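Participant: Before anything else, here's the structure in question.
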Amino acid sequence: MKELLHLFVPNNCVSCNAALGLSVEIVCRRCQASFDSLATPAMADQLVRSILERHHDLRPGPVELSALYRFHRNDALQNVIHAMKYQGVYRAASWFGYQLAVRFGEQLGAAGIDVIVPVPLHALKTVERTYNQSTFIARALGRELGLQVMPGFLKRTRYTASQTGLSAAERHRNVEGAFSVQSGYIPSHVLLVDDVLTTGSTVTEAMRTLMSAGVRHVSLAIVAVAATG
């Protein structure tokens, strides 16, 4: 069946368009090799933690802070992220979720996480982009870890402009008060999932909203951290 499908739907690298044949990958080996990978969980944790502390004076405590890559302007990874966010390439979101599970499954599985919550888009922005990429990342990660995903737990109550091109202070003001918790059930430990972390304004506001609602611990799973973060 897969071979027959391939005759009609060619499988090409999302970044460079190279033919992938019958591979289940969505990115060719050459492009994957160019990704600036965060080699260890400790390195990822340290990088994310430093951004949250530097820009927001947020010290998350003993939780898991996971990220797969650094991304740089105009590199192969940014091509894949842009295809995922703006071109509706949802396969990329699912692929990134699987990669997070492969890299951090042991740590996240042992962290006592109750549910996975994707960072939400506003309803209007979901219509503009056709889907929320963070939800697809979260679902793929949840399948691999055997954890419940709750896309509706956190809601974006205010439409916000794109964070692209904004300063750290502008990013903070742009998302301040933009989230609310939409459930009577308050888990103790949430794994918050998003695609990209730059200055951390969005995830910081989401984390603070969750903790204000009674969530005790918020871990993070991020696909990529901007090299300028």
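The values are calculated or read from the model by the stated rules, or taken from the named source; none is laboratory data. Because the structure is a prediction, the values reported are computed rather than measured. Glycine also receives a Cβ, built like all others from the backbone with ideal geometry; neighbour counts cover every protein chain displayed.
Participant: Here is a check on your reading of the model: is Val102 within 20 Å of Ser188 (Cα to Cα) and not acidic (Asp, Glu)? Explain how you work it out, then say what you get.
Facilitator: On the way: within 20 Å of Ser188 (Cα to Cα): no; not acidic (Asp, Glu): yes.
In short, no.
Participant: Inside segment 103-120, can you point out the residues that are without any contact (Cβ under 8 Å) to a residue 60 or more places away in the chain and surrounded by fewer than 20 Cβ atoms within 10 Å (Cβ to Cβ)? Break it down stepwise before answering.
Facilitator: Taking segment 103-120 and keeping what is without any contact (Cβ under 8 Å) to a residue 60 or more places away in the chain, we get 105-106, 109-110, 120.
Answer for segment 103-120, where residues must be without any contact (Cβ under 8 Å) to a residue 60 or more places away in the chain and surrounded by fewer than 20 Cβ atoms within 10 Å (Cβ to Cβ): Gly105, Glu106, Gly109, Ala110.
Participant: Okay, next question. Quick one: count up the residues across segment 209-229 that are assigned to a helix (DSSP H, G or I) and in contact (Cβ under 8 Å) with a residue 60 or more places away in the chain. Spell out how you get there, then give the answer.
Facilitator: Within segment 209-229, the first condition is being assigned to a helix (DSSP H, G or I), and the residues that meet it are 209-212.
Checking which are in contact (Cβ under 8 Å) with a residue 60 or more places away in the chain leaves us with 210.
Final tally of qualifying residues: 1.
Participant: Take the residues of segment 70-102 that are out of contact with any helix residue (DSSP H, G or I) (no Cβ under 6 Å at 6 or more places or on another chain) and under 15 Å from Arg139 (Cβ atoms): which is surrounded by the fewest Cβ atoms within 10 Å (Cβ to Cβ)?
Facilitator: Step by step, filter segment 70-102, then rank; the result is Arg91.
Participant: Scan segment 47-71 residue by residue and report those that are more than 16 Å from the chain's Cα centre (by Cα) and not in a helix (DSSP H, G or I).
Facilitator: Of all residues in segment 47-71, those more than 16 Å from the chain's Cα centre (by Cα) come to 50, 53-63.
Passing the criteria: Asp57, Leu58, Arg59, Pro60, Gly61, Pro62, Val63.
Participant: Just checking, how many residues over segment 121-158 are buried (at least 18 other Cβ atoms within 10 Å of the Cβ), in a helix (DSSP H, G or I) and polar (S, T, N, Q)?
Facilitator: Count: 3.
Participant: Here's another thing I want to ask about it. In segment 103-122, which residues are under 18 Å from Asp195 (Cα atoms), modelled with pLDDT under 95 and of a type in the set (A, V, I, L, M)?
Facilitator: Leu108, Leu121
Participant: Here's a follow-up. Which is without any contact (Cβ under 8 Å) to a residue 12 or more places away in the chain and more than 27 Å from Val215 (Cβ to Cβ), of Gln78, Gln46?
Facilitator: Values: Gln46 fails: more than 27 Å from Val215 (Cβ to Cβ).
Residue meeting the stated conditions: Gln78.
Participant: Looking at the structure I just gave you, is Glu106 closer than 24 Å to Thr135 by Cα, among the acidic types (Asp, Glu) and under 16 Å from the mean Cα position of the chain (by Cα)? Let's see the steps before the verdict.
Facilitator: Working: closer than 24 Å to Thr135 by Cα: yes; among the acidic types (Asp, Glu): yes; under 16 Å from the mean Cα position of the chain (by Cα): no.
Judged against the criteria, Glu106 is not a match.
Participant: On to the next question. Considering only residues that are in a loop (DSSP other than H, G, I, E, B), surrounded by 12 or more Cβ atoms within 10 Å (Cβ to Cβ) and aliphatic (A, V, I, L, M), which ones fall in segment 18-46?
Facilitator: Of segment 18-46, the ones in a loop (DSSP other than H, G, I, E, B) are 18, 20-28, 35, 38-40.
Retained after the next criterion (residues that are surrounded by 12 or more Cβ atoms within 10 Å (Cβ to Cβ)): 18, 20, 23, 25-28, 35, 38.
Across segment 18-46, the qualifying residues are Ala18, Leu20, Ile26, Val27, Leu38.
Participant: Shifting gears a bit: Would you please name the residue that is surrounded by the most Cβ atoms within 10 Å (Cβ to Cβ), looking only at residues in segment 174-200 that are free of Cβ contacts under 8 Å to residues at least 60 places away in the same chain and in a strand (DSSP E or B)?
Facilitator: Here the answer is Phe179.
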